[in-house]
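The values are calculated or read from the model by the stated rules, or taken from the named source; none is laboratory data. For clarity, every value in this text was computed on a predicted model and none was experimentally measured. Note that we place each Cβ from the backbone using ideal geometry, even for glycine, and neighbour counts take in every protein chain shown.
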Amino acid sequence: MPLSRYLKTFTDPSRPGSVILYSTKKGSIVRVPEKFLAAAQNDTLSESDKTTLRRLELWVDDPAAERAAMAALIDHTNGNSGTFMATVVLTLACNLACPYCFEDHFRGDHAMSDETARLLIAHVKREQIDSGRDVELRFYGGEPLMAVPRLKQIAGALQDAAQIAGTKFSCSLVTNATLLTRPVVEELLPFGLTSAQITLDGPADTHNRQRPFVSGQGSFKIIVDNLRAVYDLITIKPGGNFTHDNYREFPAMLDALIEAGMDPAQLGPVQLSPVHPKSGGQYTHSASCAIGSEPWLIEANLYLRGEILRRGFSVDKPHMGVCMIELTNNLVVNYDGTFYKCPALMGWPEFAVGTLADGVNDYRESHNLDIWKNDECLECAYLPLCFGGCRFFRKLKTGAIDGVDCRRAMLDASLETLVRQDLGMN
Ligand code: SF4
Ligand code: SF4
């Protein structure tokens, strides 16, 4: 079986007699005659055709070695990672009052203290920068721009440490964008700010219902004005949280960005996700990697992706996706200095994996690492896109991270359309 097992074959209605081969491992796509596919399956291809397919990782000389390499891939990535990434919760305070947010009762006193910030700086310097790693921090909240002095304290100290060590430091924001003014961005650029993931929950009326200020006033216009003022300075990644009832309104939100004078090609990839269930019975943290598999959601994702591309915005292509729980050099640091492996798990204290004061615990058992290392997953064509799915969803479904969150049904229903969209066929 010299064709890669991590390959999907799709029909091509635009060219009868042709098929599309798609590598889930490399993301490579090739359109070939059906006869070519039959020759590949019978191992009667010419050597030069095999060389082409090998380069695209559609052809493997040793299927057992391919499977073994995939099984070792995450360990290999962890062993060779030159970058440390952390999501840092600066404060749970927020100036918006979104009805789907469960942080309401946390507003006020839950901000990172000076002592915790100092511990964070010392930890990242000692454990990462001094080991020669680059550092990328993603400031998160609440609303991180309600804690700009703390952000500058952390980013400034780590940037200085990285400069002395000859490594790189950069940071980004997950922000509601109401405070993302040009003066604020200009103030943060010297601290390594490169991008901001922002949220617009639909066109003006829908967004203003979903994301009003605490005062009740709508926030849509202020956000769009801010985006227009800063999108030449940093990469703006537009995001939004849709529901079953309002997802068809979201293309109008994209139109509003264009009408406001923004060039879709100058914005980062658009990432629209469903409103997630609350985490841990306490508060919600969304993570765009958590993908549900309900039929309406599959339809909504495909519809919205098509509308985004049609307007000239960009989206992420299907790509190798590993749950960050599996990545050693990837942490979440809560405002109180507690470590987690994923923002969505911050509501469950039992999934804390240590503290800035005590270091990172062994979480292999509590988070059931390597859960995808079984025959079914290792033989599955979707493994590179899935790696066992989302641990947070598994916990929501069964109460524990006690197995994979299988994405086969979702990928069966959507991958072909995603590939066609990326080929400009839909
Ligand atoms: S558990 Fe993993 S896949 Fe799910 S939201 Fe967290 S990081 Fe993403
Ligand atoms: S969890 Fe399901 S879709 Fe994912 S690799 Fe395993 S079998 Fe395939």
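Would you point out the residue of region 319-355, among those that are among the aromatic types (F, W, Y) and in a strand (DSSP E or B), that is surrounded by the most Cβ atoms within 10 Å (Cβ to Cβ)?
Only one residue fits best here, namely Y340.
Looking only at residues that are part of a loop (DSSP other than H, G, I, E, B) and aromatic (F, W, Y) in region 99-115, which one is modelled with the highest pLDDT?
Y100
Consider S414 against the criteria (1) surrounded by fewer than 19 Cβ atoms within 10 Å (Cβ to Cβ); (2) outside any loop (DSSP other than H, G, I, E, B); (3) more than 10 Å from ligand 2 (Cβ to nearest atom): it satisfies all of them except one. Which criterion is unmet?
If we test S414 against (1) surrounded by fewer than 19 Cβ atoms within 10 Å (Cβ to Cβ); (2) outside any loop (DSSP other than H, G, I, E, B); (3) more than 10 Å from ligand 2 (Cβ to nearest atom), just (1) comes out false.
Going residue by residue through region 123-133, is there one that turns out to be in the same structural domain as I308 (by TED's automatic domain parsing), under 30 Å from L254 (Cα atoms) and in contact (Cβ under 8 Å) with a residue 60 or more places away in the chain?
no
Give me the pairs: first residue in region 197-214 and without any contact (Cβ under 8 Å) to a residue 24 or more places away in the chain, second residue of a type in the set (F, W, Y), beta-carbon distance under 6 Å, and six or more apart or on different chains, which are they?
N208/F220
Given the conditions (1) surrounded by 15 or more Cβ atoms within 10 Å (Cβ to Cβ); (2) over 21 Å from the mean Cα position of the chain (by Cα), and given that G424 satisfies all but one, which numbered condition is not satisfied?
Condition (1) is where G424 drops out.
For G141, are the conditions met, namely being at pLDDT below 95 and either within 23 Å of the chain's Cα centre (by Cα) or surrounded by 20 or more Cβ atoms within 10 Å (Cβ to Cβ) (or both)?
Yes.
Report, ordered by the first and then the second residue, all pairs with beta carbons closer than 7 Å, sequence separation of six or more or different chains, a first member in region 401-417 that is without any contact (Cβ under 8 Å) to a residue 40 or more places away in the chain and within 16 Å of ligand 1 (Cβ to nearest atom), and a second member that is part of a loop (DSSP other than H, G, I, E, B) and of a type in the set (V, I, T).
G403/I371; V404/I371
Would it be correct to say that R391 is in contact with a Phe, Trp or Tyr (Cβ under 7 Å, 6 or more places away or on another chain) and over 24 Å from L309 (Cα atoms)?
no
Search region 369-393 for residues being more than 21 Å from the chain's Cα centre (by Cα) and surrounded by fewer than 18 Cβ atoms within 10 Å (Cβ to Cβ), and hand back the single one that is nearest to ligand 1 (Cβ to nearest atom).
K373
Condition check: farther than 30 Å from W296 by Cβ and within 14 Å of ligand 1 (Cβ to nearest atom). Does L396 satisfy that?
no
Evaluate the following for G424: is it at positive phi and out of contact with any helix residue (DSSP H, G or I) (no Cβ under 7 Å at 6 or more places or on another chain)?
yes
Based on this model, can you work out whether V322 counts as of a type in the set (V, I, T), under 17 Å from the mean Cα position of the chain (by Cα) and closer than 22 Å to R138 by Cα?
yes
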